[in-house]
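The values are calculated or read from the model by the stated rules, or taken from the named source; none is laboratory data. Note that the structure is predicted; figures quoted are calculated from it, not measured. Quick reminder, even Gly has a Cβ in these numbers, built from the backbone with ideal geometry, and neighbours come from all protein chains shown.
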Amino acid sequence: MASKLELICQAANIKMTPQRKVIAEVISNSSDHPDVEEIYKRANLIDPNISLATAYRTVSLLELHNMLKKLEIGDGKARYEANYSNTKHHHHLIDVDSGEILEFADEELEQLKEKIAKKLGYELIDHKLELYGKKIKPG
């Protein structure tokens with residue numbers, strides 16, 4: 001069965017080689033935000049013939065077609081998540097110690113960003129918010 005990302009690629013007339021299908025499956029099934037090397041490792045477990053170069057090229061292609069969102073968290077490695085049109089809008093909180101990326105949505109924040117844009121004389125068409133923090137230790 002084709003992954004969600006593979007179906008989107010097919011609808012966009014992107015040629016889906018067997019290797020691209022595996023990489024699309026890995027990304028579609030990821031509940032985290034893997035970097036290209038992690039995508040490669042997971043894909044390589046499914047198909048040992050996939051090279052790291054193929055993983056990089058496929059991720060670049062998907063990003064070029066706006067099918068992946070790139071997250072830069074300051075550690076020199078870009079992380080990725082599928083960019084589905086029906087995905088609920090969310091933001092990211094990045095733990096600077098562990099690199100863990102937490103997704104969150106907040107209606108109050110959504111209203112505030114609209115209010116700020118309007119106050120400055122703009123209609124907001126898009127935005128990206130990444131928060132960086134350290135986990136509070138109990139005590």
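List of remarks:
- Only one entry in Ser31, Ser60 is outside any helix (DSSP H, G or I), polar (S, T, N, Q) and closer than 27 Å to Glu100 by Cα, namely Ser31.
- Scope the stretch 49-67; condition among the hydrophobic types (A, V, I, L, M, F, W, C), over 27 Å from Leu129 (Cα atoms) and exposed (fewer than 12 other Cβ atoms within 10 Å of the Cβ); matching residues: Ala53
- Consider the stretch 102-139 and keep the residues that are modelled with pLDDT of 85 or more, assigned to a loop (DSSP other than H, G, I, E, B) and not hydrophobic (A, V, I, L, M, F, W, C). The one that is nearest to Lys88 (Cα to Cα) is Asp106.
- Enumeration of residues in the stretch 68-101 that are part of a loop (DSSP other than H, G, I, E, B), surrounded by 12 or more Cβ atoms within 10 Å (Cβ to Cβ) and among the small types (Gly, Ala, Ser): Gly99
- For the condition out of contact with any Ser or Thr (no Cβ under 6 Å at 6 or more places or on another chain) and surrounded by 12 or more Cβ atoms within 10 Å (Cβ to Cβ), Leu112 does not qualify.
- Residue ID - surrounded by the most Cβ atoms within 10 Å (Cβ to Cβ), chosen from residues in the stretch 27-48 that are modelled with pLDDT of 95 or more and not charged (D, E, K, R): Ala43
- Restricting Lys115, Lys70, Lys134 to residues that are farther than 24 Å from Val26 by Cβ, free of Cβ contacts under 8 Å to residues at least 24 places away in the same chain and not hydrophobic (A, V, I, L, M, F, W, C) narrows the list to Lys115.
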